[in-house]
Amino acid sequence: MIKVHAYNRLPLIFSFQEKSSYKDTYAGEIGNVSIKAHLLLPEGVPAKTVVIFMHPTGGGSYLPMLNALAKKGIHTVWCDSRYRGTDSALIMEKVVIDLANCIKFLKTKHGYKKVILGGWSGGGSLSLLYQAEAENPSISSTPAGDPLDLTEQGLIPADGLMLIASHISRHRTFTEWLDGSVIDENDPENREAELDIYNLNNINQPPYSEDFLDKYLASQISRNRKITAWVKAKLNQFRLEGDLTKEHAFIVHRTMADPRWLDPSIDPNDRKPNWCFLGDPKVVNNSPIGLGRYCSLRSWLSQWSYDDANGDGIRCAKEITIPTIVIGNTADDGITPSHTNSLFEAIGHEDKEIHWIKGANHYYFGQPEKSLESASLCRNWLKNHDFID
């Protein structure tokens, strides 16, 4: 029987300097980045290996999975990026730098020898991007063309990777959720009725035909690319005017309209219909909290552009060479099986394994036994690879 460990929660804060001509987060000194984290320390367990979770924008310090890992005797960290709580100006390449500094801090200040990246949800593609760049640095600018050289950051490669309820990438997931019926970005009520999945008068109702789904996906990708074209034109206009730092904020309406939420026969798992991880998808589609609702030009290209964003989990997974465990939840109301399977299949390294938690939702909310089951799988994997004793 595995011992259940008591653990202590240690708040951390660390800072580093960064050359910048403007602030892309609110308040604080320009050129100084301060990062907050929580370190969960199991009592009586030496500091040998630490599992680090980071999400581009989410704050997950109290997610059930972190507590479950600590109870299993695993040193666990949730580290916020500089953009916690808001992705309106988020630059993914800067989030990689935040993660890099967290790793350096934990190794130098807390003495950890081994680092495991915990890729939860949107943190999966972030972890894969980090590791791909740590092993084979290649990015020297942001997708907007601004100087940001990851090849000079001295990224420390992680020793292992845990992908839990992870999606394939921020930009591809966003495109799959984008409302394909919107015709005019300046008038979101102007929609193509045949593609409006929330219109009860639409002749296309669940279960959807393959022809409808193909047309809908094509419209989603087309909408993403139209926004990207507008963003690039706007940035180019500013640069032609000689203003290299000028930005423009804008709203993307109706961004939560994935047909899978209404038709559970698409990419099937145990999720319930007419529901997503944020609630009723029809309500969320028009709410202020939808994914990618508020944007800046540079952030769009770095986070959401279907063709330009660097944080592509599938591409990055092919480049990594570290042991990886992939865990999917069969009742996940945000991440469907195709994402989990696609990530696993894309991993080029042979030392990989995949597991499924039956009946588990995205966050394990209200399911303490599911988070402990997932944590047990992680603990066994860590022990089998000599990451923990």
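Of the residues Leu99, Leu117, Leu106, Leu129, the single one that is of a type in the set (A, V, I, L, M, F, W, C) and farther than 27 Å from Tyr7 by Cβ is Leu129. A Cβ distance below 7 Å, combined with a sequence gap of six or more or placement on separate chains, defines the contacts here; from region 256-270, residues that are over 17 Å from Asp211 (Cβ atoms) and of a type in the set (S, T, N, Q) reach residues that are open to solvent by less than 30 Å² (accessible area, probe 1.4 Å) and assigned to a helix (DSSP H, G or I) in the pairs Asn269/Pro337. Checked against the criterion of being among the β-branched types (Val, Ile, Thr) and open to solvent by 10 Å² or more (accessible area, probe 1.4 Å), region 229-241 has no qualifying residue.
Scanning region 262-279 for residues that are assigned to a loop (DSSP other than H, G, I, E, B) and either within 17 Å of Thr173 (Cβ to Cβ) or touching a Phe, Trp or Tyr at 6+ places or on another chain (Cβ under 9 Å) (or both) yields Asp263, Ser265, Ile266, Asp267, Asn269, Arg271, Pro273, Asn274, Trp275, Phe277, Leu278.
Taking the residues in region 264-290 that are within 26 Å of Lys226 (Cβ to Cβ) and open to solvent by less than 40 Å² (accessible area, probe 1.4 Å) as candidates, determine which candidate is modelled with the lowest pLDDT.
Gly290
Scanning region 38-69 for residues that are closer than 21 Å to Gly311 by Cβ, of a type in the set (Gly, Ala, Ser) and touching a residue at least 60 places away in the same chain (Cβ under 8 Å) yields Gly58, Gly60. With respect to the conditions (1) at pLDDT 95 or above; (2) among the basic types (Lys, Arg); (3) over 20 Å from the mean Cα position of the chain (by Cα), Lys318 lacks only one, and its number is (3).
Within region 294-312, residues that are without any contact (Cβ under 8 Å) to a residue 60 or more places away in the chain have Cβ atoms under 7 Å from residues that are open to solvent by less than 20 Å² (accessible area, probe 1.4 Å) in no pair, counting only partners at least 6 apart in sequence or on another chain.
Condition check ((1) within 18 Å of Ser121 (Cα to Cα); (2) part of a loop (DSSP other than H, G, I, E, B); (3) open to solvent by 10 Å² or more (accessible area, probe 1.4 Å)) across all residues:
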residue	(1), (2), (3)
Ile327	yes, no, no
Asn341	yes, no, yes
Glu353	yes, no, yes
Asn361	yes, yes, yes
Glu369	no, no, yes
Ser376	no, no, yes
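Whenever a residue of region 218-244 is within 16 Å of Gly145 (Cα to Cα), its partners that are hydrophobic (A, V, I, L, M, F, W, C) and open to solvent by 80 Å² or more (accessible area, probe 1.4 Å), lying with C-beta atoms within less than 8 angstrom and at least six residues away or across chains, give the pairs Phe238/Leu244.
Among the residues of region 243-260, some residue qualifies, meaning at least one is buried (at least 18 other Cβ atoms within 10 Å of the Cβ), in a helix (DSSP H, G or I) and modelled with pLDDT of 95 or more. Within region 300-324, the set of residues being more than 12 Å from Thr228 (Cβ to Cβ) and open to solvent by less than 10 Å² (accessible area, probe 1.4 Å) comprises Gly311, Gly313, Cys316, Ala317, Ile320, Thr324.
Listed residues Ala218, Ala165; which is on the phi > 0 side of the Ramachandran plot and of a type outside the set (Phe, Trp, Tyr)? One residue alone meets the criteria, Ala165.
With respect to the conditions (1) touching a Gly at 6+ places or on another chain (Cβ under 6 Å); (2) modelled with pLDDT of 95 or more; (3) closer than 30 Å to Ala89 by Cα, His362 falls short on a single one, namely (2).
The values are calculated or read from the model by the stated rules, or taken from the named source; none is laboratory data. What you are looking at is a predicted structure, and each value in this text was computed from that prediction instead of being measured. Every residue, glycine as well, gets a Cβ built from its backbone with ideal geometry; the counts of neighbours run over all protein chains shown. Areas reflect the complete protein model, heavy atoms only, side chains present, ligands, DNA and RNA absent. Shrake-Rupley method; radii C 1.70, N 1.55, O 1.52, S 1.80 Å.
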